[in-house]
Structure formats: C-alpha cells, structure tokens
Amino acid sequence: MNKTIPKLLRRTAFVLGVIGSLLSAEDTFAQKKKKKGQETPAAAPAAPRSQAPANGPKPYKEVITAKAKTKDGLFKVHQIEDKYFYEIPDSLLGRDMLMVIRIAKTADGIGYGGENTNNLMVRWEKNNDDILLKVVSVNNYAADSLPIAMAVKNSNLEPILQKFAIKSRATDSTGTVIEATDLFNKDNQALGLQRNRRTQYKVSRLDTDRSYIVHINAYPINLENRYVLTYAATEPPSNSSTGLITLEMNASMVLLPKEPMKQRLADRRVGWFARSYVDYGADEQRATSRRYLDRWRLEVKPEDMEKFKRGELVEPVKPIIYYIDPATPTKWVPYLKQGVEDWQKAFEEAGFKNAILAKEAPTAEEDPTWSTEDARFSVIRYFASDIQNAYGPHVSDPRSGEIIESHIGWYHNVMNLVRNWFFIQTAAINPDARGVKFSDEVMGRLIRFVSAHEVGHTLGLPHNFASSVAYPVEKLRDPAFTKEFGTAPSIMDYARFNYIAQPEDEGVSLMPDVGPYDKYAIMWGYRPIPEASTPEEEQPILDKWILDKKGDPVYRYGRQGNSYDPTAQSEDLGDNAMLASTYGIKNLQRIMPNLMEWTAEESKPYKDYSDLSEMYGQVIGQFNRYMGHVRTNVGGVTEIYKSVGQDEAVYTHTSKETQKSAVDFLNKQLFATPSWLMDENIIARIGDFGALERIRGIQVTSLNGILEWGRLGRVIENEALNGNEAYKITELFDDLRKGIWTELAAGRTIDVHRRALQRAHIERLELLLTGEVNIPTQFRQFVGPQLNASQSDIRPMARGELKTLQSQIRGAIGRTSDRMSKLHLEDSLARIEKILSEESGE
C-alpha cells in the first residue's frame, strides 16, 4: 500500500506506501497508579538496573508471594501489585529473541496505532548475580569457522540494554527470577519515543508519575508487554497547553527458532522484501553485503520428496494459516478468507497445495486459550476506526529471513477508500458503482481484492509498480483478454480499477487479481531446490528462472519510489499514459453530469451534500493523477534491472516522440482550461469559494513539476548522451510557451484560469533564473547526484524564455481588446522587466 523499510520488520500499506502491529488482547490485570511525590529521574538514564537484594537472591516464596498473579508462557510472568517479575527458564538464556516495538495508541499528530518504531534482536544472559539483556548485532557477520569471525566479534560488542539483579531462583532451580518493571516504565529510549520525535517535540524527560505498565501477557513463544509512557515536552503536537505527550506502547518479545532456516539470496530483478548484513567471511577483497529474502518456512515432507521431484503437488510440513479476527463483521469474513486463499494458485506454481489457508478464529467456548496476541497465530485484525487504510506487516528472523508471524491490520473505513476508487474509476461503465453505498456483494469483492493485496505483503512481496504498464492500453478494453489476464499482471501494483474501459466494452474485467507475475514471484521465492545444499548453490537455478522470462514485461519488477520512471508509477494502467489518460478523462466527463444523481439517496431526502462534495473531490483527484502519469514521461528514465551476464542497459531515456506527446497532451487537456470540471450546479452546493483554486492548483503543480530541477537536468543529460534523438530543453521550453501563451498571436481574450497559469509560468522561470536547488540535508542521501543550477544550461534557458515572452507580450498588448486580458498582459510585462532588471543588477 508507501515510505524506508526497517531491517528487522518489513511492512506495507495499501494507500500510504509499509507498517505493522501485534495488538493486545483484553487486559487481565489493572496497573495501580504510582504514589504521589515519587521522585522523577532525569531524562534517558543510562542502562537502569533493578535494586539488588541486600544479601543476594532470596528464597522463591519471599519474592513470588501468595499475592502474585501468574501467567505461564515463554516466561512465567508474575504480577504483585504494580510490580512485574519474569521467571526466565535457564534453557532460554542465550537464545535469540526478537523485540518488536510499536505504538499501540498514539497522541494526535504522532504516527498511527500499529506503527513500528524499533526492532531489536536480544539475548538474556547470566553474569554472576545479574541477568543482562543484550542487543545482538545482525549487521556484520562471519562464519564461526573462519579466523575473521573473532575480529568481527571484537568490533561488534553487544550493548547491554538493561541489567537486572537476580531476585530468586525457580523452585525447581531451572529458572531465574528478575523484576522487569523498570524495563517498561522508566525511560529506556529503545523501547519508547524515538530520538527524532523527542527532538522535534522538545521532550525534556519521562514523567514516571504518569507512566505505568498496562499488562504483560505470556504465550508459548512470545510475551506481549503493554505500557503507557508520558513525556514532558515543550512543543507537543497536540494538547499543547498540557506540555505532555502520552503514548501507549507495545513491546513484543518473540522467541526465534533454535536452528535458523536456510537463506535464499535476493536478486533485485524479482521484487522481494529482503534484509542484509555485511559478510566479512565472503571470498571477496572487500566487505560484501549479503541480501536474502523474507519468506515463510515452507518445506516438503521427507516422505513426499520423490513426488515433489516428479512434479506432483505436495502439502508443506507446516502451512501458512491466517485467522480472521472474531471482531470482524460476519458478512465480510468470507471475502477476507477468499483474499487469503486466492494465493493458493501461486503456491501451486511453487509445488505446494494447501500451502496457505484461512480460518475463522475459534470461539472462547471452542478454545479459551486462543488469543490474537499469541505469536503462533497469524491474524487479520479488524479495527473499528475511521482510518481509511489496511496494512500487511510481518515479523521475520533477522538471521535467516524466516517469517515468524503476521498480523494484518484492517481498518473498518478502508471500505470508504475502495468505494471512492471503484466509483470514480468505473461508474461511467459500471452500474454497480453508481451510488454511495454498494451492495454487500460488490463491497465484498472489493474487500477480497484488498485482502489479497495485503496478504501478498505478508508473504514477502513489495509493491511492483512496473506491473501496470505490461499490458497494451487497447487490450484493457478487451473482455476476453481481461478475463484471462486481469487488468495487471500483479495484484501488488497500485493498479486500482479499469478506468480505461469504455461503455461499449461490455464484459470487460474491472480489477486485478493474483496474476502471472505474482505466481512467478512466489515460485521464485518459495519453490524448494533440493539439489542445492547452500544458498550459493541455488543461485544458478534462480538466475535461469529469471532469464526464462527475459524481455517479457509481464514478469518485470519495478520498485516503488522511482519518481522519474514513467513505467513504474502508482495507480496507472497500460503502456501509454497519454492514451490511457484520454480514456480516463472521457469517463470522468461522463460521470460529472451524473454526479449529483449518483451521490443522492432516494431514501434520504434530508441528507446534505457531503457525499457530493467528497466524490467531486475524487473526480478532481483522479484527473490530477492522470496529469501526473503523463508528466512523468517528460525527462523520463526507465529503470529495468539486469544482471552483468545479460550485458544490457539498465537505464534508458524516454523517447523524443513520447516526451513531445506528453507535453502536447498537457497543453490540450490541462493548460487549455478544463472547463468541464467547473460544473456550476455542483459548485453551488458544496462551497462558497475554492473552485478556481482547485483548477489552478492542478495546472501549477503540473507546470512546476515539468520545470523541476532534476527533470530538467535529465533532459539536458539526455541531449548530451543522445544528441538529436533526444527531446532537447529548447524544444521543451518552446512547446510549453506555445501551449501556455496561445492567445498572444491573435490578441484573444485570456480567461481567468489562463491568466493565473501564465503568471505561474513567469514565476517559475524567475525561480529557474535566480533560485537554487534546495534539498534538505536529511534527504540528500536519497536523491543521488544533485544539479548545480548556476553552472547548468537552465539559467540561460530561463533568461531566454523571459526575453522571448517580453517581446511577444509587448506586441500582443496593442492587439488585445478585452480589458482584463490587457491589464494582465501589462502586469506580466512589468513582472518580466522587473525580474530581468534585478537579475542583471540594473
């Protein structure tokens, strides 16, 4: 669904690129408040430790008294009033565990519930009469059998997160008791508010009087620690009069497998969530990064291996199972389950049947011990929230990439999100989408679509933004083609719905499904390779699987976030943005005259126009998306990952013809005023002001986006590399000027929209002439080489354009009879003369 992926937890979101949550079950114990007058420590104390008993560890019954309320799980957790004790089995000392820190409930303006804030691999170790909680580095590695392993260990001393005095030994002497209270209700930065947010909101200290543990729940392979932290802050993001920030946090401590799963090495030609470490043991003459996939442990049963080798489908040792949250409305449960099991056909490509299943959670009567917090169970959690989103995170073993569990977050109001998309993108040809409330069947199908997308993230697949351009535009109007192949090869793209289809295209499919790319990617990541005993031995086979699909756009992966690649965009469809957007605009023009009728409800004549306002905003937003899809072709560079063995270019400039076509489209569809968007009947019902600003905003955003430093730098570089085959900067500026100032030659009346656009054009040229490329320091590492504005061709080009306009406007003033148009031209001329005068120092 967009956003840097943490190394220990990979996650995605359906509207806002990737995020996750292990949320708590019902509280079992209530935490008592702190006594008044308790001393408040300074901010961020260094590695706190529990107070040691006077004479060392005490007898068990003196520590874990009869007042204790005990929960048994990974550790025994004892609560005595407002204190919590861990009873750690000796067998778990030294075992690798994963701590996943999330915001469970947030203050307004600080992230969202479920946001991951930190991930730590930890170990509990005994040191004399203390227990140490150590953070284990997973960034550097060398096999223990190699001499360099000692150097790696010496260079990566494990920090001690906290030191605990041993309070007692277990009654059978197989465990150690410590008090864990201070780990969660004191200021341990790794488990609380992140440093950047502390700086942003000017946090001075943790207020321990207002911080407490909500509960600690124990399960067989995990502990769920829920705690409230209140910080004193000079500039809190909300409720500023209090000077406080309160967050409810959740720290999940999950036991990792004793034996890590065999890694599968990543290849950027296939989209996959992956993690990496520096492998100092590799036979290279430098420190080498080793990248490997996040994936579930799907293994062939030993007794079925021969069947698998013969090509028969076999059941895995342990299938992937998703449970549907008991809080889910009953009518949506079947659709959520279908979204999970739509991936069955993909796993069949990997050689497995019944590899992924969906089940309803057992009732309390069927299994009183079952909980959504239990890390043994992956769950689609249903939240009663007005947030319009869903997200698909997973928790992975940092040593191997093995996915341990996943909790998909499903917000109730995601239905409003998909309703808006489906309405705006298909209502012109689809009667089922003509209304503000869909039938349960239609909404259920949309829920299934979102469910399948989020499940794909939890299987290890990121967004594939190259998928949506694989099919020719005209094929997306073909019922036979779309029924067989869907509207995009991957459900992991933001392909949305078929806005290209026209009213005469009866029977055409309207939405993507788990497609050929998804099946290929699952096969590539999950199919066992029994003849290979190491990840390195798998690589020739994995490479062959990729080369078998060489040159076929259906199997191409395009990363999210490449803003200059016109073939890897969000929410586009088809292989030609100009043609696709033309069809899309035709459908929006069909919707506009019907918008009032389709947003009204006959049974509610008393309702206001809020639905009309929302859907009109959706029309504006969809039109703006089309402009963005087209704009990206200007100065575009296509990125198609290749290996050295393929001996092919990775980066290719967009052709001159395509770039000229994009500018011509914008001149006709956007810069020539799109008056069809200005429906007086709608505007009169939804607001007293702002209609002109909506259109101006789209026009100016697109204009500034074309005349953006990085894009112009690519246009200049394209000409330097490809000469006359390139779309030159002089041609770009000429084409824009001719489209934006068409009224000058004949002295025609210039409407209010065009006047604003023309002023914006002058202002942008002024910026290019006198401004500087200003990229905030914190973002420079993400944008690559930066343009030197003063030494590029951009400044002389901008100056030349202003002088050309100066001459043309002077000549047009006398030919223009409309008074407002003449005043505008006189003003424009004065602006240009002032810019040129100040720039030259006159």
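Results for (1) part of a loop (DSSP other than H, G, I, E, B); (2) within 26 Å of T742 (Cα to Cα); (3) modelled with pLDDT of 95 or more, shown as yes or no for each residue.
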position	(1), (2), (3)
T638	no, no, yes
T652	no, no, yes
E657	no, yes, yes
K660	no, yes, yes
F665	no, yes, yes
K668	no, yes, yes
W676	no, yes, yes
I682	no, no, yes
D688	yes, no, no
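Name the one entry in V228, V203, V177 that is in the same structural domain as M249 (by TED's automatic domain parsing), surrounded by fewer than 20 Cβ atoms within 10 Å (Cβ to Cβ) and aliphatic (A, V, I, L, M).
V228
Confirm whether D187 is among the acidic types (D, E), in the same structural domain as L120 (by TED's automatic domain parsing) and more than 21 Å from R226 (Cβ to Cβ).
no
Please go through region 812-842 and give me each residue that is exposed (fewer than 15 other Cβ atoms within 10 Å of the Cβ) and among the hydrophobic types (A, V, I, L, M, F, W, C), ordered by number.
M820, L823, A830
Which of the residues spanning region 199-225 are closer than 20 Å to T70 by Cβ and among the hydrophobic types (A, V, I, L, M, F, W, C)?
Listed by number, the residues that qualify are I213, V214, I216, A218, I221, L223.
Which condition number in (1) out of contact with any helix residue (DSSP H, G or I) (no Cβ under 8 Å at 6 or more places or on another chain); (2) in a loop (DSSP other than H, G, I, E, B) is the one that T328 fails?
The single condition T328 does not satisfy is (1).
Checking the conditions here, which among V752, V783 is at pLDDT below 95 and under 45 Å from the mean Cα position of the chain (by Cα)?
V783
Of all residues in region 53-100 being of a type in the set (G, A, S) and within 39 Å of the chain's Cα centre (by Cα), which is surrounded by the fewest Cβ atoms within 10 Å (Cβ to Cβ)?
So, considering only residues that are of a type in the set (G, A, S) and within 39 Å of the chain's Cα centre (by Cα), the one surrounded by the fewest Cβ atoms within 10 Å (Cβ to Cβ) is S91.
Checking G113 against (1) crowded, with 18+ Cβ neighbours inside 10 Å; (2) at pLDDT 95 or above; (3) over 26 Å from K258 (Cα atoms), only one condition comes out false. Which one?
(2)
Please determine whether any residue of region 433-449 is buried (at least 23 other Cβ atoms within 10 Å of the Cβ) and over 22 Å from the mean Cα position of the chain (by Cα).
No: zero hits.
Could you tell me how many of the residues in region 495-536 are farther than 20 Å from P472 by Cβ, touching a helix residue (DSSP H, G or I) at 6+ places or on another chain (Cβ under 6 Å) and either basic (K, R) or not assigned by TED's automatic domain parsing to the domain that holds I429 (or both)?
Selection size over region 495-536: 1.
Please determine whether any residue of region 266-276 is farther than 19 Å from A532 by Cβ and more than 27 Å from the chain's Cα centre (by Cα).
no
Sort through L146, L157, L98, L120 and tell me the only one that's on the phi < 0 side of the Ramachandran plot, part of a strand (DSSP E or B), out of contact with any Cys (no Cβ under 7 Å at 6 or more places or on another chain) and at pLDDT below 95.
L120
Of the residues in region 426-444, how many are in contact with a helix residue (DSSP H, G or I) (Cβ under 7 Å, 6 or more places away or on another chain) and not in a loop (DSSP other than H, G, I, E, B)?
Residues flagged as in contact with a helix residue (DSSP H, G or I) (Cβ under 7 Å, 6 or more places away or on another chain) and not in a loop (DSSP other than H, G, I, E, B) within region 426-444 amount to 7.
May I ask you to list pairs of residues, at least six apart or on different chains, whose Cβ atoms are under 6 Å apart, with the first in region 748-759 being surrounded by fewer than 21 Cβ atoms within 10 Å (Cβ to Cβ) and the second being in a helix (DSSP H, G or I)?
T749/S821; H753/I695; R755/H824; A756/R696
Here's the yes/no breakdown for (1) within 30 Å of G645 (Cα to Cα); (2) of a type in the set (A, V, I, L, M, F, W, C):
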residue: L298; (1), (2): no, yes
residue: P302; (1), (2): no, no
residue: G311; (1), (2): yes, no
residue: K337; (1), (2): no, no
residue: V340; (1), (2): no, yes
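Would you pick out the residues in region 333-356 that are charged (D, E, K, R) and more than 14 Å from I380 (Cβ to Cβ)? It would help to see each step written out before you state the result.
Pass one, region 333-356, residues charged (D, E, K, R): 337, 341-342, 345, 348-349, 353.
Across region 333-356, the qualifying residues are K345, E348, E349, K353.
With respect to R754, determine if the residue is touching a His at 6+ places or on another chain (Cβ under 8 Å) and of a type in the set (K, R).
no
The values are calculated or read from the model by the stated rules, or taken from the named source; none is laboratory data. As the structure is a computational prediction, the values presented were derived from the model and not from experiment. Quick reminder, even Gly has a Cβ in these numbers, built from the backbone with ideal geometry, and neighbours come from all protein chains shown.
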